[in-house]
Amino acid sequence: MAFLASFLQYFIKFVVFVILAVAGVFAGKKWRMSKDAKSEANEK
């Protein structure tokens, strides 16, 4: 039972870190696209 509880604890932490990583990737992609659009608008 202790093994299962420990495994579940680590699994939940893993899921949280994966969600944070995916959110970071999407936020970075959105920020980069916004920055590129502003840069392109300034060059014209």
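Quick note: the coordinates plus some simple rules give every number you see, no bench work behind them. Every value quoted in this text rests on a predicted model; they were computed, and no experiment measured them. Glycine also receives a Cβ, built like all others from the backbone with ideal geometry; neighbour counts cover every protein chain displayed.
Once the other residues with Cβ under 13 Å from the Cβ of LYS29 are scored (Lys, Arg +1; Asp, Glu -1), what is the net sum?
Within the 13 Å Cβ shell, the charges total +2.
Can you give the convex hull volume of the alpha carbon atoms of the chain per residue, in Å³?
With only Cα atoms used, the chain gives 25 Å³ per residue.
With +1 on each Lys and Arg Cβ and -1 on each Asp and Glu Cβ, how big is the dipole of the chain about its Cα centre, in debye rounded to the nearest 20?
Computed charge dipole of the chain: roughly 80 debye.
Given the DSSP H assignment, sum -39500 (n - 2.57) over each helix run of at least 4 residues in the chain and divide by its residue total; what's the result at 222 nm in deg cm²/dmol, nearest 500?
Calculated at 222 nm, the ellipticity per residue is -35500 deg cm²/dmol.
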